[in-house]
Amino acid sequence: MSGKRVYQALEGWRPPTKDFRGYNCANYASCSKYTAPMKPIFTIHEGEFLAGDYINRKLGHKYNVWVPTKDSGVDLLVTCKQHEGKSVGLQVKFSRSFDIREELARHLVATSWFRLEPAKVRKSRADLWVFVILTLKHEQYFVIIPKQELRRRIPRNSGKRWDLYLWVYDNGSCYQVRDLNTEERLETIHRGVRDRRRDFSEWLENWKLLEEFSR
């Protein structure tokens, strides 16, 4: 997968060699009278592209990235180029950063908002969940967390949805600040969070998990 090469599989059609519906064009490519439906077999969203592109650019010497043609709960599949070990399934979620008040933005480099369904997290077939954050400055941040660890962090009273506000700070920390008041969010800058389930710092840019899960 590369930013310079984006492929989209299409159901092809063959142009006729003779007249077609009363029209005859020597150059089918430029003939506006010819129309044929072309339906994409699959597409990928921005987060999947950014994650796949990152793996290809930074870790492409070790891994291949595949896009499943069928939605099975896995967005990307990563395999070792040496054909050794297991394949690793990734579930990818994407969020753009948003502006916040200046007093809260101090030392903050990225904000995000992910909305998850706890039932889908529990039933997920992916090995790793990848949260992709694209900042207003077009900087990319990735939180890579094992499925089992993510499940343990689901709040007991989450109901049918779980909102994650993953904030990334300039000291390399990452916290889930949803439901924290303004004072508590300010404290995260210097003191972190009291509830360790809100601390995602260990999983920020933790691409080493690919090696661990592919063994």
Exactly one of Val143, Val132, Val109 is among the hydrophobic types (A, V, I, L, M, F, W, C), farther than 19 Å from Leu209 by Cβ and part of a strand (DSSP E or B), and that residue is Val109
The number of residues in the stretch 87-103 that are touching a strand residue (DSSP E or B) at 6+ places or on another chain (Cβ under 9 Å) and at pLDDT below 95 is 1
Residue pairs qualifying under the 6 Å Cβ cut-off, at least six apart or on distinct chains, with the first in the stretch 82-97 being under 16 Å from Asn64 (Cβ atoms) and the second being of a type in the set (Asp, Glu), are Val88/Asp127; Gly89/Asp127; Leu90/Asp75
Of the residues in the stretch 146-189, those that are part of a helix (DSSP H, G or I) and either at positive phi or not aliphatic (A, V, I, L, M) (or both) come to Lys147, Gln148, Glu149, Arg151, Arg152, Thr182, Glu183, Glu184, Arg185, Glu187, Thr188
So Val121, is it in a strand (DSSP E or B) and hydrophobic (A, V, I, L, M, F, W, C)
no
I'd like to know if the stretch 121-135 contains one or more residues that are surrounded by fewer than 16 Cβ atoms within 10 Å (Cβ to Cβ), touching a strand residue (DSSP E or B) at 6+ places or on another chain (Cβ under 9 Å) and at pLDDT below 95.
no
Residue hits (the stretch 148-177; surrounded by 11 or more Cβ atoms within 10 Å (Cβ to Cβ), in contact (Cβ under 8 Å) with a residue 40 or more places away in the chain and of a type outside the set (Ser, Thr, Tyr)) are Glu149, Arg153, Trp162, Asp163, Leu164, Leu166, Trp167, Val168, Asp170, Asn171
Condition set in contact (Cβ under 8 Å) with a residue 24 or more places away in the chain and under 18 Å from Leu164 (Cα atoms), scope the stretch 99-111, selection surrounded by the most Cβ atoms within 10 Å (Cβ to Cβ): answer is Ala110
Taking the stretch 32-66 and the residues there that are β-branched (Val, Ile, Thr) and farther than 18 Å from Thr79 by Cβ, the one that is modelled with the lowest pLDDT would be Thr35
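The values are calculated or read from the model by the stated rules, or taken from the named source; none is laboratory data. Only a predicted model underlies this, so the values are computations on that prediction, with no experimental measurement involved. Heads up, the Cβs are rebuilt from the backbone with ideal geometry, glycines too, and the neighbour counts pull from every protein chain shown.
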